[in-house]
Structures are given as structure tokens and as C-alpha cells.
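Read through the structure below, which is laid out as C-alpha cells, and then see the notes.
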Amino acid sequence: MVRWQAEVDKSVLLILAVACLVQLGYLADSRDDPTFEVPIVDAAVYHLAAVGFASGEPLAEGAFWQPPLFPAFLGFFYALAGPSVVAARLMLAALAVISCLLMYRLGCRLFGRSVGMVAALALAVYGPFVFFATRLLATGLGIFLGLLSLLLLLRALDRPLRRWRWVIAGACSGLAIINIPNAVVILAVALIAMVQEARRRGVMRGYAVGGSLLLGGALVIIAPVTIRNYLVSGEFVVLSTNGGINFYVGNNPDTATTAAIRPGEYWRRLTRMGTSETPRTRAQQSAFFYRQALTFARNQPGFFVTGLGRKALRALNAREIPRNVDIYVHGRFSNLLSVLCWRWSSFGFPFGLVAPLTVVGMLVSPRLGSPSARIRLRRALPMWFALLYAASVVLFFVTARYRLPAVCVAVLFAAVAIVWFWKQWTSKKETSSRRVRIAAGLAFLVSALVVNLPIRTPTDDVDFKAELYLSVGAEELKLGMLGDAREHLSQAIELDPDYAAAYVHLGDLSGRLGHNEEAALYYRRAVLLDASSANARAKMGALLSQQKRYTEAVEWFLEALDRDPTWPDAQAGLVGGFIAGKNADEKGSALARFAEVLVRHERYREAVECYRKAHSLTDLPPASLERLARLLATCQREELRDCVIAVEAAEHLCRITEYQDARALSTLALVYDSCNRSDKAVEAQQRAVEIAERAGAADVEGLREKLADYRARLSEQSGSSTETSAADERPD
């Protein structure tokens with residue numbers, strides 16, 4: 001017993017040594033990485049939330065946008081150690097080392113010490129784990145909680161009558177869920193295992209109680225988040241409100257575009273799809289995206305299923321598919337990472353090797369060591385977890401970071417395969433039948449071929465190296481590190497001379513330094529490179545407004561709003577204080593033109609309000625009066641129609657044109673007809689036809705056709721009225 005314990009201790013020491021060496025070695029080796037001390041994208045969001053939380057601010061004003069555990073966990077660390085990114089990464093490296101020890105314990109418990117050792121060491125050197133575990137992201141904490149939850153669940157299954165074990169396992173699962181919601185599969189795995197164990201033993205009651213306690217333990221952790229969301233927002237939000245848009249990104253008619261949208265202007269534009277003319281809360285936005293995706297799945301089931309198939313192939317592919325950071329780009333800043341994770345043609349290491357080993361491990365694990373039915377059930381738990389977790393990722397969209405918790409558990413079965421192959425090679429007697437060895441060999445070869453097939457992903461055309469420098473420069477600009485920001489933004493442009501977003505940020509930087517002409521050049525360059533950008537145009541408008549060049553500023557704001565009528569900076573610039581120096585007539589004209597933009601984008605409620613504001617400031621020009629009248633009389637959204645104001649606007653239009661404009665009279669006729677005043681419509685349209693005939697207008701035939709339509713409707717109404725009168729006069 002003492003000797004065995006000494007061996008175990010040596011194994012733990014070896015795992016600790018290797019894991020610490022790799023984690024610290026990677027951190028030391030990656031100091032040249034621009035993101036080493038400057039978190040970007042999601043990591044920057046988590047970092048800022050944690051810094052605020054450490055100083056006493058709430059994690060979010062309303063319902064949580066992202067699950068709250070990781071920023072809260074990071075915030076507690078900052079409160080103790082200060083808001084140091086390097087210290088936080090060292091702390092996460094320590095957590096990664098503990099995860100390797102948990103893997104060792106899990107392997108020993110299920111398959112024996114040899115498998116535990118191989119699995120722990122494999123995890124310690126698994127490149128994507130090394131990379132993501134120390135970034136300021138929820139991934140490392142999610143892997144730790146996932147492994148710990150599986151271990152606690154195994155302990156509870158071994159002693160089902162010790163009820164506190166179920167509660168602790170449930171609470172740990174709850175923590176995993178409020179860190180990464182996909183971890184809810186842990187509860188599903190637990191319930192499946194409990195049902196099978198209860199059937200095997202023929203005892204249902206104890207496991208039913210255990211299941212209730214497990215769910216209760218999870219609920220104790222999750223419920224406070226839900227209650228807090230309800231208290232601050234008045235809406236039922238279980239964890240966070242980012243689920244809807246993530247589901248939509250991977251399930252819509254144009255996933256190739258949505259899955260490739262980059263952080264910044266176009267991501268913000270996508271998120272505002274969930275807002276309508278009536279502002280929505282975050283929960284309503286999330287529900288909107290879920291509805292859109294489910295409508296797509298219902299209306300185009302074939303396309304939806306095909307999309308799931310494509311995502312499943314990506315989840316199984318050897319490539320580490322990037323989302324906002326590309327591990328292969330970061331490998332250029334670390335020799336160690338470039339050894340632990342690389343690509344050669346379509347082969348990707350390490351997943352290209354680990355995945356086929358995992359398939360073999362899952363195939364032979366039920367027979368390894370001739371286990372009992374009880375042990376086989378236990379061994380299936382991590383397999384179910386890995387498969388269900390991967391399926392939950394496929395249901396949304398696939399990236400290297402999102403699939404990593406499932407892959408780290410799957411490493412356990414890769415270790416099983418390595419140990420099994422080793423025994424087949426070194427053992428003098430046959431430990432498995434020839435049929436099993438042939439099946440294992442074929443499974444390895446086929447799966448190796450499948451996972452290393454060349455595929456295309458939505459982000460294949462993204463220059464992640466240029467984007468890396470852009471993201472770092474943008475964060476440095478926010479932090480006031482202007483010299484570093486200029487250097488990194490310039491590097492982004494060197495890598496991609498047509499990078500419009502980089503020119504926008506350089507324009508912001510120049511503006512902060514007071515170099516307005518230089519800033520204008522950068523903004524104009526961005527507009528030339530990206531014709532659909534609202535942001536660059538709004539920035540240019542703001543710059544001109546600061547120089548009190550209001551007329552030019554309005555034109556830029558209107559151009560921005562024509563690209564995106566929801567762009568907040570452009571709206572504020574046009575409607576708010578940026579045009580404070582203009583007189584009422586100019587403001588009214590600008591608002592009327594903005595209303596026209598809104599109509600083109602079918603944002604009718606806002607258009608009506610804008611027209612009304614414009615009309616309160618000045619007499620609208622004929623063209624704007626015509627659009628207002630037509631909009632209020634025939635708007636697709638019936639609740640926005642207003643016959644009274646529509647008639648007033650149309651009649652005013654005819655008065656200022658002295659009833660001598662055929663188009664104005666035709667508009668008046670249209671309004672009358674829409675408001676069920678067909679006699680007036682016929683009269684107005686008759687005058688429009690007469691004026692057009694005298695002028696020899698080209699559209700006179702169209703005006704005559706409308707007149708015929710109005711007369712026909714008037715005859716129908718007259719006929720209906722006559723029949724009604726006759727019926728009223730007929731005796732009973």
C-alpha cells in the first residue's frame with residue numbers, strides 16, 4: 001500500500017512538473033504576442049467587466065449579456081490581486097494545471113493509472129488547451145468545472161445514499177452552466193446515468209431522490225442569476241441574452257455571411273437586427289433572433305439540416321476554426337505553441353491525431369480490462385458528455401474555442417487508445433481478439449481520413465493577423481496608449497492596405513491629437529474602401545460638426561443613415577446637438593430627408609415621427625409633403641395610418657402648388673381613396689388628368705387608369721348604398 005501510494009505521488013509530481021513547465025513556458029515564450037497584456041474582443045469585455053466589478057460596480061446594468069460566472073470570478077481575483085492581466089493569466093495557468101490533475105484522477109478512476117497518466121500528460125501538452133486556458137475567457141474555467149463535475153457525479157453514483165454528494169455535484173454543475181450554458185449537458189448525462197444505474201440495480205427510489213437533489217443543487221446556483229435578471233430588467237432571463245443571436249448566427253439562410261461577420265461595425269449592425277422601430281429590450285432581442293432562426297428551420301428544413309451537417313463536419317475537422325482569434329496566427333509569436341499546434345495542408349495537429357485515437361478509445365473502452373456492467377456505465381459518462389457537448393456546439397456554430405471543453409474530455413479516450421495500442425504491441429499474449437484489432441485499426445484509419453479532409457469555413461477569407469493588430473490598436477486607443485495604438489494600426493494596414501476599419505481607427509486617433517485634416521483623410525479613405533460603411537461616414541460628419549461645418553456634416557450623416565438607419569452616432573449627429581448651429585428650416589429639411597431614408601428601409605414608425613418633427617420646425621417642401629401624405633394613407637403597417645393628417649398634408653401640398661400640379665392632385669386622390677372618400681378621389685384625379693393632358697405629360701395614361709379605378713370603386717359603393725336603402729324600405 002505504501003509503495004503504491006509512493007508511485008501515485010510520483011505520477012502526480014510528474015504531471016505537475018510537465019503541466020507547470022508547459023503553462024509557464026508558454027506564457028514566457030509568448031511575451032511578444034501583442035495580446036499578452038492587452039485583451040481583445042471577448043477577453044476585453046470580460047476584463048473591463050471584472051475591473052468594474054472589483055471596484056464595486058455591477059457586472060451589468062440590465063439582464064446579463066454574457067453568462068456571469070467568469071467575469072465575477074475574474075473580478076474577485078482583481079479585488080485581491082489588482083487588475084493585472086499578467087497576474088490573471090498566471091492564475092488561469094494554475095487552474096489549467098489543476099485541470100490536468102483532475103483529468104489524471106478521472107482516468108485513474110475509470111480506466112486505471114496508466115490511462116490517467118497518459119490522459120493528464122496529453123491534456124497538459126494539448127496545444128489549443130494551452131493557448132485558450134490562459135486567455136481571459138471562460139474556456140479554461142469551463143474545462144476545470146466540467147472535469148470536476150464529472151468526478152463529483154461519479155462519486156455520487158458510487159454512494160447514491162449519501163445525499164450531500166448529489167447536492168455538491170449539482171452545485172458544481174450549476175457553476176459550470178452559469179459559466180458556459182452548453183455545460184447543461186452535464187445534467188442530461190447525470191440523469192441518463194442515474195436511470196441506467198437504477199434499472200441495473202432495480203432500485204428507482206434512491207436514484208429519484210438523488211436526481212432531485214442533483215437538480216436542486218444546480219438550481220441553487222442558477223436561480224439567483226435568474227432572479228437578479230428579473231429584478232433589474234423585469235423580464236425572465238435564465239442566464240444571459242446572447243443566446244438568441246448566437247443561435248441565429250449559425251442557423252439562417254446566409255450563415256456563410258453571419259458566421260464570418262467581424263467584431264466592430266458589422267457585428268453591431270447584426271445585433272441591431274433585433275431592434276425594430278419600437279425599441280426592444282435585450283431579452284426581446286434574444287427572443288427575436290431565436291424566432292428568426294426557428295422560422296428558417298421550419299420553412300427550409302432541408303437547408304437547416306444540411307447546415308447542421310456542415311457544422312458537424314467542422315466540429316470533427318482537424319482545423320482549429322477561429323472566431324475572433326486564430327491560434328495559428330498566435331503560434332507565430334510562440335515557438336512552443338507552434339510546436340504544440342500546427343497545420344500542414346489539411347492535416348491539423350493535435351486534433352487530427354487525437355480525434356481518430358478518441359474514436360478507437362471509445363470503441364475499446366467497454367472491453368478494456370473486462371469490466372463489470374457498473375464500470376462500463378461509469379466509463380460511458382465522459383463519452384456521453386463529449387458527444388452531447390459537441391452536439392450542443394453544432395446546434396449553434398462551431399469554433400475551436402467552443403468545442404474545446406468537449407475535446408478535452410475526449411482526450412481521455414485518446415489516452416485509452418494509446419494504452420490499448422501499447423499493450424497490443426508489447427504484450428506477448430493476445431489481449432484482444434483479432435476482430436477487435438482489425439476494427440480498431442480500420443476505425444483509426446477511416447476517422448483519420450475524415451477529420452483531416454480539406455474543408456472551407458466562413459472565416460477562410462479573413463486576414464486574422466491584420467485583424468489581430470487592429471483589435472490590439474483599437475483597445476490601446478481606448479486606454480489612451482496612442483503611440484502603441486498608431487504602431488499596431490499601421491501594422492494592420494501594412495498587412496492589408498485596404499483595411500477600412502483600420503483607417504477609421506487611425507482617423508479617431510488623429511482626431512484625438514487635434515490633427516483634423518489628417519483624420520478627414522483617413523475617414524475618406526475608409527469610405528472609398530468600404531462603400532457600405534455607416535461608421536466612417538458618421539465619424540466624418542462628427543468631425544465636420546466639431547468644425548461647425550454643419551451643412552457638410554448633415555450630408556455625411558444622411559449618407560451614413562442611408563447605409564444603416566439604426567446607426568446611433570449618425571442619428572445623434574443628425575437629430576441631436578451636432579446640428580445645433582443650424583436654423584429651424586435647415587433642421588426641418590434635414591429631418592425630412594432622414595425620414596425619406598427611413599421609409600426606404602421600411603422603418604415607418606420612425607419615419608412618421610421624423611416627418612412630424614420636421615413639420616413642426618418648418619413648412620415641408622412639396623416632395624416631403626407628398627411622401628408624408630402617401631405614407632400616412634397607405635403605410636404597410638395599418639396602425640400607423642392617419643387619415644386626418646394624411647388629408648391635411650395632401651391638401652396643403654395642393655394649395656402650395658395652387659392645384660396646378662398633376663402629381664400633387666394624384667397624391668390627394670390617392671389619400672382620399674385610401675380614406676374611403678371615393679367621390680373626392682374621383683374629383684381630384686379628374687383634375688390631375690385634365691392638367692396632365694394640357695401639359696402633354698408622359699404619365700397621362702397611368703393617371704387615366706387610376707381615375708377609372710376610383711370611378712369603379714365609387715360605383716360599387718353607390719350600388720351597395722342603393723341596395724341597402726332598398727332593403728331598408730322593403731316591408732317585413
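Determine which member of the set GLY348, GLY352, GLY361 is within 20 Å of VAL409 (Cα to Cα), in the same structural domain as LEU153 (by TED's automatic domain parsing) and not in a helix (DSSP H, G or I). Going through GLY348, GLY352, GLY361 in turn, the sole match is GLY348.
Every residue in region 635-657 that is under 48 Å from the mean Cα position of the chain (by Cα), assigned to a helix (DSSP H, G or I) and among the acidic types (Asp, Glu), please. Matches in region 635-657: GLU638, GLU639, GLU648. Does region 546-560 include one or more residues that are part of a loop (DSSP other than H, G, I, E, B) and surrounded by 22 or more Cβ atoms within 10 Å (Cβ to Cβ)? No, that holds for no residue.
For region 416-456, the tally of residues that are farther than 29 Å from LEU308 by Cα and in contact (Cβ under 8 Å) with a residue 12 or more places away in the chain stands at 9.
Considering ALA373, ALA380, ALA287, which residue is surrounded by fewer than 22 Cβ atoms within 10 Å (Cβ to Cβ) and under 21 Å from the mean Cα position of the chain (by Cα)?
Just one listed residue meets the conditions, ALA287.
Given the criteria modelled with pLDDT of 95 or more, under 21 Å from VAL339 (Cβ atoms) and touching a Phe, Trp or Tyr at 6+ places or on another chain (Cβ under 8 Å), does GLY140 qualify? Spelling it out, GLY140 is indeed modelled with pLDDT of 95 or more, under 21 Å from VAL339 (Cβ atoms) and touching a Phe, Trp or Tyr at 6+ places or on another chain (Cβ under 8 Å). Scanning region 604-623 for residues that are within 20 Å of LEU670 (Cβ to Cβ) and assigned to a loop (DSSP other than H, G, I, E, B), we see that the one that is modelled with the highest pLDDT is PRO621.
Note on region 149-190: among residues that are in a helix (DSSP H, G or I) and of a type in the set (D, E, K, R), the one that is nearest to PRO68 (Cα to Cα) is ARG165. Check whether at least one residue in region 261-268 is of a type in the set (Asp, Glu), farther than 30 Å from ALA355 by Cα and surrounded by 19 or more Cβ atoms within 10 Å (Cβ to Cβ), and report yes or no. Yes, some residue in region 261-268 is of a type in the set (Asp, Glu), farther than 30 Å from ALA355 by Cα and surrounded by 19 or more Cβ atoms within 10 Å (Cβ to Cβ). Listed by first and then second residue, the pairs linking a residue in region 16-29 that is over 14 Å from PHE129 (Cα atoms) to a residue that is polar (S, T, N, Q) and assigned to a helix (DSSP H, G or I), with Cβ atoms under 9 Å apart and 6 or more places separating them unless they lie on different chains, are ASP29/ASN335.
For region 555-568, the tally of residues that are of a type in the set (A, V, I, L, M) and touching an Asp or Glu at 6+ places or on another chain (Cβ under 8 Å) stands at 1.
Under the condition of being buried (at least 19 other Cβ atoms within 10 Å of the Cβ) and not in a helix (DSSP H, G or I), which residue from region 248-260 is modelled with the lowest pLDDT? Here the residue is ALA259. The set of residues from region 621-667 being of a type in the set (Gly, Ala, Ser) and surrounded by fewer than 18 Cβ atoms within 10 Å (Cβ to Cβ) comprises just one member, ALA623. Of all residues in region 272-284, those that are buried (at least 20 other Cβ atoms within 10 Å of the Cβ) and either modelled with pLDDT under 70 or among the polar types (S, T, N, Q) (or both) total 1. Summed over region 658-711, the residues that are part of a helix (DSSP H, G or I) and either hydrophobic (A, V, I, L, M, F, W, C) or in contact with a strand residue (DSSP E or B) (Cβ under 6 Å, 6 or more places away or on another chain) (or both) give a count of 19.
A single member of SER545, SER510 is touching a Phe, Trp or Tyr at 6+ places or on another chain (Cβ under 7 Å) and at pLDDT 90 or above, and it is SER510. Among the residues of region 138-148, are any more than 26 Å from SER11 (Cβ to Cβ) and either assigned by TED's automatic domain parsing to the domain that holds VAL416 or in a helix (DSSP H, G or I) (or both)? Yes: one or more hits. The set of residues from region 512-534 being in a helix (DSSP H, G or I) and not small (Gly, Ala, Ser) comprises ARG512, ASN516, GLU517, GLU518, LEU521, TYR522, TYR523, ARG524, ARG525, VAL527, LEU528, LEU529.
Please enumerate the residues belonging to region 295-345 that are hydroxyl-bearing (Ser, Thr, Tyr) and either part of a helix (DSSP H, G or I) or without any contact (Cβ under 8 Å) to a residue 60 or more places away in the chain (or both).
THR295, THR306, TYR328, SER338
Among the residues of region 390-409, those identified as within 23 Å of VAL115 (Cα to Cα) and either more than 18 Å from the chain's Cα centre (by Cα) or of a type in the set (D, E, K, R) (or both) are ARG403, PRO405, ALA406, VAL407, CYS408, VAL409. Evaluating CYS100 against the criteria (1) touching a residue at least 40 places away in the same chain (Cβ under 8 Å); (2) under 25 Å from GLN196 (Cα atoms); (3) part of a helix (DSSP H, G or I) leaves one unmet condition, (2).
Of all residues in region 668-680, those being over 15 Å from ASP642 (Cα atoms) and β-branched (Val, Ile, Thr) number 0. Take ALA193 and tell me if it is closer than 22 Å to ARG379 by Cβ, modelled with pLDDT under 95 and either assigned to a helix (DSSP H, G or I) or under 23 Å from the mean Cα position of the chain (by Cα) (or both). It is true that ALA193 is closer than 22 Å to ARG379 by Cβ, modelled with pLDDT under 95 and either assigned to a helix (DSSP H, G or I) or under 23 Å from the mean Cα position of the chain (by Cα) (or both).
For region 624-647, check the following and say yes or no: at least one residue is polar (S, T, N, Q), in contact with a Cys (Cβ under 8 Å, 6 or more places away or on another chain) and at pLDDT 80 or above. No, because not a single residue in region 624-647 is polar (S, T, N, Q), in contact with a Cys (Cβ under 8 Å, 6 or more places away or on another chain) and at pLDDT 80 or above. Residues of region 312-338 that are in contact with a strand residue (DSSP E or B) (Cβ under 7 Å, 6 or more places away or on another chain) and of a type in the set (Gly, Ala, Ser): ALA318, GLY331.
Taken over region 483-537, the criterion of being of a type in the set (Ser, Thr, Tyr) and either in contact with a strand residue (DSSP E or B) (Cβ under 9 Å, 6 or more places away or on another chain) or more than 26 Å from ASP562 (Cβ to Cβ) (or both) is satisfied by SER490 alone. So, ILE227, is that one more than 19 Å from VAL185 (Cα to Cα), without any contact (Cβ under 8 Å) to a residue 24 or more places away in the chain and not in a helix (DSSP H, G or I) or not? So ILE227 fails the test.
The values are calculated or read from the model by the stated rules, or taken from the named source; none is laboratory data. This structure is a prediction, so every number in the text was calculated from the model and none was measured. Don't worry about glycine lacking a Cβ; one is built from the backbone with ideal geometry, like all the others, and counts go over all protein chains shown.
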